[in-house]
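Asker: The structure follows.
The values are calculated or read from the model by the stated rules, or taken from the named source; none is laboratory data. Just so you know, these numbers come straight off a predicted model, no measurement behind them. Positions of Cβ are generated from backbone atoms using ideal geometry, with glycine treated the same way; all protein chains shown enter the neighbour counts. Side chains included, ligands, DNA and RNA excluded: accessible areas come from the protein's heavy atoms. Shrake-Rupley method; radii C 1.70, N 1.55, O 1.52, S 1.80 Å.
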Amino acid sequence: MKLYGHFLSAPSNKTRLAATAVGQDFDYVHVELSKGEHKVPDHLRINPVGKVPALQEGDFCLFESDAITRYIANKNPSDFYPQEIKARAQVDQWIDFSSKHILANVGKVLFNKFFAPTMGVPVDEQSMADGEKFLKQYMPIVEKQLESHSMLTGDKLTLADVSMIAAMDPLEMIGFEVSAYPNIKQWRDGIRSQDFYQKVHKHYAADLPPQND
């Protein structure tokens with residue numbers, strides 16, 4: 001199995017975290033987006049959307065991070081992605097929530113605060129403001145869920161937690177005050193200390209070169 005991605009792509013990191021969490025062997029292929037490697041014909045044959053992440057396993061190719069992580073979890077059946085239909089539905093619920101409400105809005109802020117200036121493209125102030133507004137709306141829902149659970153759906157790490165941690169990984173980079181959400185902070189700190197997380201990266205953007213003051 002090959003996983004194609006970029007270390008600044010939270011969806012790419014999600015696939016690596018999920019594979020590492022279940023002990024799935026894979027080769028990581030870094031796609032240098034700044035050089036347009038995601039648009040070359042060889043990559044477009046794997047992911048016709050011209051993005052990362054992507055999975056390749058022999059002749060089988062898959063794109064979209066949630067499809068990839070579910071495939072990996074299904075290849076390694078365990079409570080990480082429960083077989084029981086209601087337990088799985090709860091995990092799927094939080095996977096969808098993390099992608100649609102957290103990752104999407106983190107992405108709006110991250111792109112306009114970090115990527116747009118470095119790429120020399122105009123900052124979309126409205127998009128950034130929308131992202132910040134919706135994060136303030138949706139983060140309390142996660143905070144409340146973690147009042148009575150050490151993990152999103154109970155006391156065991158599941159694919160829902162991996163999806164959410166990847167979505168929230170860039171929070172410091174966008175200047176979001178995680179300390180205002182103590183349950184989320186405790187949950188994040190706990191996951192980030194686990195071996196599977198540390199094998200992927202110490203923290204989001206850990207591979208960025210040091211910035212000169």
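Asker: At R0 = 35 Å, how high is the FRET efficiency between residue 115 and residue 85 if r is their beta carbon distance? Nearest 0.05 is fine.
Answerer: Between residue 115 and residue 85 the formula returns 0.30.
Asker: So what is the relative contact order for region 65-195, in percent, with contacts set as C-alpha pairs under 8 Å and at least six apart?
Answerer: Value for region 65-195: 30 percent.
Asker: Once fully extended, how much extra length lies between residue 177 and residue 189, figured as 0.36 nm per residue of separation less the alpha-carbon to alpha-carbon distance? Intermediate values should be presented prior to the final figure.
Answerer: Details: separation 12, 0.36 × 12 = 4.32 nm, distance 1.43 nm.
Taking residue 177 through residue 189 to full extension adds about 2.9 nm, to one decimal.
Asker: On to the next question. With r defined as the distance between the Cβ atoms of residue 49 and residue 144 and R0 fixed at 25 Å, what FRET efficiency is calculated, to the nearest 0.05? Provide the component values of the computation, followed by the final result.
Answerer: Working: r = 35 Å, r/R0 = 1.39.
Efficiency at R0 = 25 Å is approximately 0.10.
Asker: Distance in nm between label sites at residue 127 and residue 74, each 7 Å beyond Cα in the beta-carbon direction?
Answerer: It is 3.2 nm.
Asker: Can you return the lysines within cross-link range of residue 86? Criterion is Cα-Cα under 28 Å, with same-chain partners fewer than 8 residues away left out.
Answerer: Output for residue 86: 14, 75, 100, 144, 156, 185.
Asker: Let me ask another. Stretch residue 34-residue 61 to full length: gain in nm at 0.36 nm per residue minus the Cα-Cα span? Kindly include the intermediate steps, with their values, before the conclusion.
Answerer: Details: separation 27, 0.36 × 27 = 9.72 nm, distance 2.32 nm.
Here the segment from residue 34 to residue 61 would lengthen by 7.4 nm.
Asker: Hey, any idea what Rg/Rh is for the chain, computing Rh the Kirkwood way over Cα pairs?
Answerer: For the chain, the value is 0.95.
Asker: Counting only other residues whose beta carbon sits under 9 Å from that of residue 183, what net charge do I get with K and R as +1, D and E as -1?
Answerer: Residues close to residue 183 contribute a combined charge of 0.
Asker: Apply the Karplus parameterisation 6.51 cos²θ - 1.76 cosθ + 1.60, with θ equal to phi minus 60°, to every residue of region 16-26 and state each ³J(HN,Hα) to the nearest whole Hz, in sequence, with x for glycine and proline.
Answerer: Computed from phi, the couplings for region 16-26 are 5, 5, 5, 5, 5, 4, 9, x, 7, 5, 7 Hz.
Asker: Here's another thing I want to ask about it. Could you tell me what percent of the DSSP beta bridges with both partners in the chain are antiparallel, to the nearest 5? Walk me through the numbers on the way to the answer.
Answerer: Values: 8 of 12 bridges.
Of the beta bridges lying entirely in the chain, close to 65 percent run antiparallel.
Asker: Something else: How big is the charge dipole of region 15-162 about its Cα centre, in debye rounded to the nearest 20, if each Lys and Arg gets +1 on its Cβ and each Asp and Glu gets -1 on its Cβ? Numbers along the way, then the final one.
Answerer: Details: 16 positive and 21 negative charges, 49 e Å.
That gives region 15-162 a dipole magnitude of about 240 debye.
Asker: Using a 1.4 Å probe and ignoring any ligands, DNA or RNA, find the accessible area of residue 1 and quote it in Å² to the nearest 10.
Answerer: The accessible area comes out at roughly 40 Å².
Asker: Same structure, new question: For region 84-110 and region 123-145, what is the separation of their C-alpha centers, rounded to whole Å?
Answerer: With region 84-110 and region 123-145 each reduced to a Cα centre, they are spaced 14 Å.
Asker: Grab the other residues whose beta carbon is less than 13 angstrom from that of residue 117, score K and R as +1, D and E as -1, and report the net. Intermediate values should be presented prior to the final figure.
Answerer: Numbers: positive: 113; negative: 124, 125.
Result for the local shell: -1.
Asker: If you add up the charges near residue 81, with Lys and Arg at +1 and Asp and Glu at -1, over every other residue whose beta carbon is less than 15 angstrom from its beta carbon, what do you get?
Answerer: Working: positive: 14, 70, 75, 86, 88, 156; negative: 66, 79, 84, 92, 96, 161.
Around residue 81, the surrounding residues sum to 0.
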